[in-house]
Amino acid sequence: MKNVIKFILFIFYTIFLFLIKDVKILVLAILLNFIVTFLLKFSLKNMFYSIKMFLPFIAFTILFNILFASLQEGILMGIRIMICYHTTYLFSQTITILQVADTIQKISAPLKLFKVNTKNIGIMISISICMLPILKKEMETLMQTMKAKGERLKPSNMAIIMKPMLISILKKTGQIEKTLLAKAYEE
């Protein structure tokens, strides 16, 4: 039950972040996140490293919002995304993949009235979460391969990256399917 409450608070807090228009409240959210970080005794070094890896996406989002909205909206969106990313980092450090799958299965329990198999939902979520580090490693390998060949990342080269990645994803999905069938998993 504790994980269900934590998950629901995480979802509502994240949604709330994107509804905030006042910078003062966003600053309070930043302070709240840092207080939680210190209370849970997480490494600030690891946290900043993970945010550093996410900076290109944040910069692109800020630039996009500046171009199509305003400078203030771009900065606000960048702050919101950084807070949201930090909140997600904190949440992911306090709960395991199995607990997330179990929590989602519990939350989706009312769907049993409509004959939806909530166990399948939990398994799909856990498989999806487990695939993220694998996909990240695949992407890093492909990028290193491109650098070794002297290629630069351009929109025209995206097919070079996406084709092997898609093939890899399909192979890994097939392996997961075979594993589930071998363990006699039934729908």
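The values are calculated or read from the model by the stated rules, or taken from the named source; none is laboratory data. Keep in mind that what you see is a predicted model, and the values were worked out from it rather than measured. Here the Cβ is made from the backbone with ideal geometry for all residues, glycine too, and neighbour counts use every protein chain on show.
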Exercise for the section: With the checklist (1) surrounded by fewer than 15 Cβ atoms within 10 Å (Cβ to Cβ); (2) within 30 Å of A109 (Cα to Cα); (3) of a type outside the set (D, E, K, R) in hand, flag the one item Y85 doesn't pass. Expected result: (1)
Exercise for the section: Specify which of the listed residues (I66, I62, I35, I51) is in the same structural domain as D22 (by TED's automatic domain parsing), crowded, with 17+ Cβ neighbours inside 10 Å, assigned to a helix (DSSP H, G or I) and aliphatic (A, V, I, L, M). Expected result: I62
Exercise for the section: Considering (1) part of a helix (DSSP H, G or I); (2) over 19 Å from the mean Cα position of the chain (by Cα), say which one K21 fails and leave the rest. Expected result: (1)
Practice task
Identify all residues within region 45-93 that are within 23 Å of L9 (Cα to Cα) and aliphatic (A, V, I, L, M); write none if there are none.
Solution key: M47, I51, L76, M77, I79, I81, M82, I83, L90
Handout entry: Check on I125, crowded, with 17+ Cβ neighbours inside 10 Å and either within 22 Å of L166 (Cβ to Cβ) or over 21 Å from the mean Cα position of the chain (by Cα) (or both)
Key = yes
